[in-house]
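Notes follow the structure.
The values are calculated or read from the model by the stated rules, or taken from the named source; none is laboratory data. Keep in mind the model is a prediction, meaning the values are calculated, not measured. In this analysis, Cβ positions are derived from the backbone assuming ideal geometry, glycine residues included, and neighbour counts consider all displayed protein chains. To get the accessible areas, we keep the full protein, side chains included, count just its heavy atoms, and leave off ligands, DNA and RNA. Shrake-Rupley method; radii C 1.70, N 1.55, O 1.52, S 1.80 Å.
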Amino acid sequence: MLRDLEAGQQVEAEQIVGDMLARARKADQEGLLLQVAYSSLQAYQAQRGA
């Protein structure tokens, strides 16, 4: 994912961080840092126009 970010390419936010966030929520965990990371990646994707 870092290589994709550095190259300005699309990242697999949903597949990687989104999955971890879903697992945290399923385990009754808030996953605050995962939420922040996921939101940041979504903003990156939206800025790229992906």
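General remarks:
- Calculated on alpha-carbon atoms, Rg and Dmax of the chain in Å: 11.5, 35
- Value of [θ]222 nm, deg cm²/dmol, for the chain, DSSP H segments ≥ 4, -39500 (n - 2.57) each, nearest 500: -17500 deg cm²/dmol
- Förster-model FRET efficiency, 35 Å R0, residue 47 and residue 23, C-beta, rounded to 0.05: 0.85
- Karplus (6.51, -1.76, 1.60) ³J(HN,Hα), θ = phi - 60°, over the stretch 20-31, in Hz, Gly and Pro reported as x: 5, 5, 4, 5, 5, 5, 5, 8, 6, 10, 6, x
- The chain - accessible surface per residue (Å², probe 1.4 Å): 78 Å²
- Carbon + sulfur, % of accessible area of the chain - ligands and nucleic acids excluded, 1.4 Å: 50 percent
- Principal-axis tilt of helix 32-48 within the chain, Cα atoms, nearest 10 degrees: 30 degrees
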